[in-house]
Amino acid sequence: MREPGTLRLFKRGPSIEVRLVLLLVLCLGLIVTDAHWPVLGPVRSALATVLYPFQRIVLAPRDALEYFDRWSHAAALARDEQDALRRQRIEMAQLSTHAAQLATENEQLRRLLNVAESAAQQSVAVEVFYVPPNAFNHRLVFNKGSQAGIAPGMPVIDEGGVVGQIVRVTPFTSEAALLIDDQVSIPVQVLRNGLRLIAFGSNEVGKLEVRYLSTSVDVRTGDVLVTSGIGGLFPAGLPVGRVERVERDPGSGFAMAIAEPLSHPERYRHFLVLRVDVADVPRPEEIEHALDQQ
């Protein structure tokens, strides 16, 4: 007859310490085996293949955040680069325009230096300070005045010829009346034959007039007018204008020549003021009064 066995409520196994030792031995064995023999390669590859979908699922939020972060940074970088390129194009256009302007001014200054070297009188280089807003007078205000030795009556020239004459001076600025001003007159002569005349500012915009000529006067279209030197203010031989046409009136017995100035004050900013002897020139108020009476 079989004896009844005792009922065991808990099944006892190896202790935790024993399990730990066994696992350590197993791990060491796997490490040594993997280091010396490639037998565990297929196992590792199979495990990696099985775990890959779970890895992608777990890392999906991180990848999405990184993608969004890269996209936002790329968009911001593209906008910044576009703005930088736009600013660079604007700056390059401004630099190109400024360089072209400087090149033009340098070329004009070199021509002015050649004119100054050929002129017998000393000269003062001036720059246009502003243009007075007056529709009835043609004037320029320069950035130098009596402190630089400029006095009323001195002629103003550019590389083309006579521009005008100083009529008003302050310590730091000076005002010049242009040749085309209808209150200005200048003694001239025809370069071809030496005929002495007087040129006035014209009512026709941008033109000069030689008035009170006889119908038989020897003035032709294309004749060049230069300063005659009479009066002592304008040195002889400075270019003034070129005759465009001669209007003859047989009924009155008079003729008038219309000339185009050879100077171009509307194109340039720099001019020369010839320091001629103006000791006998009236005061500015007298010059203005005399011009008003013409």
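The values are calculated or read from the model by the stated rules, or taken from the named source; none is laboratory data. Keep in mind that this is a model prediction, so the values were computed, not measured. Note that each Cβ is placed from the backbone with ideal geometry, even for glycine, and that neighbours are counted across all protein chains shown. When the accessible area is computed, the model is the full protein with side chains, heavy atoms only, and any ligands, DNA or RNA have been set aside. Shrake-Rupley method; radii C 1.70, N 1.55, O 1.52, S 1.80 Å.
Calculated FRET efficiency, Arg267 to Asn193, Cβ-Cβ distance, R0 = 35 Å: about 0.70 to the nearest 0.05.
Judged by the mean number of other Cβ atoms found within 10 Å, the most tightly packed of the peptides 196-205, 181-190 leads the ranking 181-190, 196-205.
Taking all protein chains as shown and a probe of 1.4 angstrom, Ile57 keeps an accessible surface of around 120 Å².
For Glu244, nonlocal amide neighbours, meaning residues 5 or more places apart or on other chains whose placed amide H falls under 5 Å from its own, are Gly222, Ile258, Ala259, Glu260.
Straightening the chain between His73 and Ser45 buys 6.4 nm, computed as 0.36 nm per residue apart minus the Cα-Cα spacing.
Each residue of the stretch 241-249 was assigned a 3J(HN,Hα) from its phi angle through the Karplus expression (A = 6.51, B = -1.76, C = 1.60, θ = phi - 60°), giving x, 10, 5, 8, 7, 10, 9, 10, 10 Hz with x at Gly and Pro. Which net charge results for the neighbourhood of Ala76, defined as the other residues with beta-carbon distances under 13 angstrom from its beta-carbon, given Lys and Arg at +1 and Asp and Glu at -1? That sum, taken over residues with Cβ under 13 Å, equals -2. The fraction of accessible area contributed by carbon and sulfur in the stretch 16-61 is 81 percent, rounded to a whole number (1.4 Å probe; ligands and nucleic acids excluded). Calculate the FRET efficiency for Leu65 and Gln122 from the Cβ-Cβ distance with a Förster distance of 51 Å, rounded to the nearest 0.05. E(calc), rounded to 0.05, equals 0.05. A protection proxy built from the mean count of other Cβ atoms within 10 Å ranks the segments 64-77, 156-169, most packed first, as 156-169, 64-77. On the basis of the beta-carbon distance and an R0 of 35 Å, Phe172 and Glu107 show a calculated FRET efficiency of 0.80. Stretched out straight at 0.36 nm per residue, the stretch from Tyr212 to Asn134 would grow longer than its current Cα-Cα span by 25.2 nm. Run the accessible area of the stretch 185-261 with a 1.4 Å probe and give the carbon-and-sulfur part as a rounded percent. Carbon plus sulfur share of accessible area: 53 percent.
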